[in-house]
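Notes follow once the structure below has been shown.
The values are calculated or read from the model by the stated rules, or taken from the named source; none is laboratory data. Only a predicted model underlies this, so the values are computations on that prediction, with no experimental measurement involved. Cβ: placed from backbone, ideal geometry, glycine included. Neighbour counts: every protein chain shown. Just so you know, the surface numbers come from the protein's heavy atoms only, side chains and all, with ligands and any DNA or RNA stripped out. Shrake-Rupley method; radii C 1.70, N 1.55, O 1.52, S 1.80 Å.
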Amino acid sequence: MVSLFGIRHHGPGSARSLRAALASLAPDVVLIEGPPDADDVIALAAHVEMSPPVALLVHASEETRRAVYYPFAMFSPEWIAILYALERGIPVRFMDLPVSHVLAMEAAREAELESQSDDDAGAEMVTEESAGEPNLVVGGGPPAATRRDPFQLVAEAAGYADGERWWEHLVEERRDHTGAFDAVLEIMSAIREDAPTDPTDPDTLLELRREAWMRQTIRNAEREGFERIAVVCGAWHAPALATRPTAKADAALLKGLPRMKVLAGWIPWTTARLARESGYGAGIESPGWYAHLWEHGATQDASVAWMARVARVLRDEGIDASSAQVIDAVRLASVLAALRGRAVAGLGELNEATHAALLHGNGVPLALVRQRLIVGDALGAVPADAPAVPLQQSLAREQKRLRLKVEASQRALELDLRNATDLERSTLLHRLALLDIPWGASERGTGKGTFKEVWRLEWRPEFALSVIEASVWGTTIADAATARATHLASTVNTLPELAALFGRLLLADVPSAARYAIVQIDALAAVAGDFSELCAAMPPIARTLRYGDVRGTDQLLLGHAVAALCARIDAGLPAACASLDDDAADAMFAHIVAIHDSLLRLQDAELSAGWRSALERVLALHGVHGVVTGRCCRLLLDSGTLAPLDVERHWSAALSPGTDPTAAAAFVDGFLRASGTLLAHDVTLWSLLDGWLTTLRPDAFMSVVPLLRRTIATFSAPERRLLGERAAGAGSTSIAARTTKARHAFDAERAAPVVATVAVLLGLSAGEPLEHAGVNADA
């Protein structure tokens, strides 16, 4: 005798009804819709350390990106059926189409699409995009031809707008389980009679093959002599298993299916991943609420316990929720349920009561209640001795050793890298990031110092598959991260990317991969045709040195990388600065500033001397864009290489009457950008700038105004205010006073050759005063 139990996945009402039905039937064998590939690990479900939500993960052994998850909650009917059978020593098997066939068919379909003409490129792109994500099995759901939830169709026919609430009312809160499965079978049979069927559709064909395999599994159980066979399947499939076609027809449908090798195991899951909003096809709206119903049942006590949990969540967030308000909310929910003809309050009534009695009409905190309670953030657990790849075992050991708790909810983790344990935690998180397992996201910390890191940890179930995928690189986290890092360093083709990767390798403490990256940096730098790549590569490597003291970074390794880059930058800077347009000059300005800041951070006298020499060569060149020469002059002044008189000479040359006003303005911009304080306090620079501006013709003045405004815009508000006051004459030394002072400092001996030359040009005889030609000699 075959007894069909058509259930809705992840429903506490279905689970209770099923448990009662199994107790009444006392079956000899239990067949469950699920992957037969995982039959060998079913027994682990009864392990004392197994704690739902969990999932069966079945993946291709050689192509781990092809995988399928089968999630189970404590209130999933299939989970209850498994535990029922294991506790009583009854054979229990999965009966769905093996994943080995499903994944092989998926691969064959992708290969077929890839071989199509360019006209089908759109379909091919969609397949490639989705192929990278593991599948979530839509157990018990309809094929593509009838995508709408069948329970939603019935709910609408019964006058409900929400199929979830209809199912909750009639099934999850049901107290009398008699006849529940017969009713579900009747409803699904009626829906399937009118459902369109297209055997040529790949999704429909897959559903037909799944149901054929289930029927064949039932026939095999009958041939084995089992008398009472319990079949637990999605409600959608129940009618197809109740009226079975011939075995020959099913065998023909399953003939010649491709197959690939797969592996199966248990992984932790989360209640959030059971929710429909996560993208799970068989998901439910309120997994946290269903877990509450499973624990307390559909009773008045469940309403009281729920409101107490809601109040606790609100209080944790600083929202008032008194005991009197909780009592009022429970009473209001009960009244609403009575008015709607319901025996007990459901989630809808409880939410409305929360909104009115606890939140006083403020709907915003309801989102918090939904996240924490209605959906929930519980993370399941699997036994430590469950089958796992060596890399999974290595990660589990590291998590336990470093006391890093695996949690589904987000939490901040602040690390002090001066502490050995925190340093190892940081290293582990950086290594996982190299393996594309972003368990932790690095955030900017508060306060000063480079010994602090702030991470935001959130474990997601799919990371289990990521760990399996990463196992191709090694059997331990350290070995796998080293191999993966070396591979990345060999595939990067640009210096900036390689320099950024080098910094990550140092943080992850993979020295052999870092040494390989140094070799790659040298090789790329030697043939780099783009000088900007050399410049962009320097700052990331220099920034990593700030972790040197804390992390024990190999200083020789870093020194070699920086020295090699600096040598090439110093040699190539003058040539790279020639013949730049405005955009290229701005880009070179940024490179020069970044490199100078990096060298200031390094405090290496030899490297700094080489860099200053390169800046001096640029400053001595003719035809270099003013923005670049202005910044070179400024940096040499700041470093003490140029004396103030030398700087005044460069300013005088740049702002001389014969210089194009636009070029002069560019020099001013390069020198003063983001440096208003220097201009406000340096009398010489102020006088030179003032003198230049006052001698410009009106048309020339208007042409340089936009450039000067851009420069002044980089000054801070206090700097601009100070300059304005000085321009208005407040507290400044007048130009006339400075000119008089300069006249008093006139050096007749140095001026004599100049005076003689001017006399010759004016046609005066030797020793004849210049005044005879109407010239002011002092000027």
Here the tail fraction of P(r) beyond 17 Å, over all Cα-Cα pairs of segment 325-377, rounds in percent to 35
Between Asp203 and Arg65, 0.36 nm times their residue separation minus their Cα-Cα distance comes to what? 47.6 nm
Hey, what's the chain come to in accessible area per residue, 1.4 Å probe, Å²? 47
How would you classify segment 639-738 from its alpha-carbon gyration tensor, with a ≥ b ≥ c the square roots of the eigenvalues: rounded for a/c under 1.5, else prolate if a/b is greater than b/c, otherwise oblate? rounded
Roughly to the nearest percent, how much of the accessible area of segment 484-540 is carbon and sulfur, given a 1.4 Å probe? 56
Kirkwood Rh over alpha-carbon pairs of segment 279-408, then Stokes-Einstein at 25 °C and 0.890 mPa s: what D in µm² s⁻¹, rounded to an integer? 146
On a full-extension model of 0.36 nm per residue, what is the gain between Glu443 and Glu648, subtracting their alpha-carbon distance, rounded to one decimal in nm? 69.3 nm
Sorted by mean Cβ packing within 10 Å, highest first, what order do the peptides 315-326, 635-646, 209-220, 385-396 take? 209-220, 385-396, 635-646, 315-326
Output row, site Ser579, 7 Å Cα→C-beta label point, backbone N cut-off 15 Å, window segment 588-624, residues 622-624
Of the peptides 349-362, 595-608, 227-240, how do they stack up when ordered by the mean number of other Cβ atoms within 10 Å, highest first? 227-240, 349-362, 595-608
Thinking of segment 332-465 as a set of Cα atoms, what percent of all their pairs are more than 27 Å apart? 45
Rounded to 10°, Cα long-axis angle of helix 390-401 versus longest principal axis of the chain: 70
Averaged over all directions, how much area does the convex hull of the C-alpha atoms of segment 473-517 cover when projected, in nm²? 2.6
Virtual spin-label span in nm between Leu600 and Thr243, 7 Å along Cα→Cβ: 8.3
What is the log10 of I(q)/I(0) for the chain, computed with the Debye formula using one identical point scatterer on each Cα and no solvent, at q = 0.05, 0.06 Å⁻¹? -0.46, -0.61
Separation in nanometres of the label points that stand 7 Å from Cα toward Cβ, at Glu112 and Asn419: 5.8
Across all Cα atoms of segment 618-661, Rg and the largest Cα-Cα distance (Dmax), in Å, are 10.3, 30
The FRET efficiency for Arg397 and Val313, from their Cβ-Cβ distance with R0 = 35 Å and rounded to 0.05, is 0.50
Roughly what would the spin-label model give for Val754 and Ala161, points 7 Å off Cα along C-beta, in nm? 9.0
Helix 420-434 against the longest principal axis of the chain: what's the angle in degrees, Cα atoms only, rounded to the nearest 10? 80
For segment 666-686 and segment 1-41, write down the distance between their C-alpha centroids in whole Å. 81
Where only C-alpha atoms are counted, convex hull volume of segment 568-680 per residue in Å³: 104
Taking Rh as the Kirkwood radius, which is the inverse of the mean 1/r over Cα pairs, what is the Rg/Rh value for segment 416-540? 1.00
Carbon and sulfur: what percent of segment 1-67's accessible surface (1.4 Å probe)? 48
Evaluated at 10 °C with a viscosity of 1.306 mPa s, what Stokes-Einstein diffusion coefficient in µm²/s does segment 451-498 have when Rh comes from the Kirkwood expression over alpha-carbon pairs? 122
At q = 0.13, 0.14 Å⁻¹, what log₁₀ I(q)/I(0) does a Debye calculation on the Cα points of segment 241-296 give, no solvent, two decimals? -0.71, -0.76
Can you tell me how much longer the chain between Ser532 and Ser189 gets when fully stretched, taken as 0.36 nm per residue apart minus their C-alpha distance, in nm with one decimal? 116.5 nm
